[in-house]
Amino acid sequence: MLLKTKINHKKFFLMSLSTTALFLLFARNVEDIFAILLVYVATVTHLGMLAEAVFELIESQITDGHIQNVKDKIMYLFLGKLTILIISLLIGRQIMGNRIIIPVINYVIQIFILTFSIKTKGRDRK
C-alpha cells in the first residue's frame, strides 16, 4: 500500500481534525454533529482511496510504462470512493437539510489538507 509511505499522517490528521473541530462549532444539535462526523469519516476514507488510486497509477507508469496491471484495482478504488462519498452526503442531507453545506465545505478543505500532507522528495525527509 503506497499510501503509508506517501502521506505524512501526523500532519494530515493534525490539520484535518482541527478544521473538523472548527466546523463542529457550527452544529446546532447532536444530529448535526453526527452528520458532520459521518461526512468527515467518509471524506477521509474517500481521500485515502483517491490517493491510493493516484499513487498506484503513477507507480505503474513509472515501473511498467503502462497501467494494464492495476487497471481493475484503480477502477474499484474510484467506484468505492464515489459510492462512499455519495451515500454519506445523502445521509447527511437527510439529517441536516440545507445545512449540508457545512460538511461539504469541510470536504473541500480536506482535499487541500491532503495535498499539503503528501511527502515529496524535497520535503519531509525522515
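The values are calculated or read from the model by the stated rules, or taken from the named source; none is laboratory data. From a predicted model like this one, the values you see are computed outputs, not experimental measurements. For neighbour counting, all protein chains shown are included, and Cβ atoms are generated from backbone atoms with ideal geometry for every residue, glycine included. Each accessible area value is taken on the protein alone, full model and side chains, heavy atoms only, with ligands, DNA and RNA left out. Shrake-Rupley method; radii C 1.70, N 1.55, O 1.52, S 1.80 Å.
For segment 19-52, the candidate set comprises residues that are among the polar types (S, T, N, Q), surrounded by fewer than 18 Cβ atoms within 10 Å (Cβ to Cβ) and in contact with a helix residue (DSSP H, G or I) (Cβ under 9 Å, 6 or more places away or on another chain); within that set, the residue that is farthest from residue 119 (Cα to Cα) is 19. Taking the listed residues 60, 16, the one that is open to solvent by less than 30 Å² (accessible area, probe 1.4 Å) and modelled with pLDDT of 90 or more is 16, with no other qualifying. Of all residues in segment 87-99, those satisfying the criterion of being touching a helix residue (DSSP H, G or I) at 6+ places or on another chain (Cβ under 9 Å), among the hydrophobic types (A, V, I, L, M, F, W, C) and either within 19 Å of residue 52 (Cβ to Cβ) or open to solvent by 30 Å² or more (accessible area, probe 1.4 Å) (or both) are 87, 89, 91, 95.
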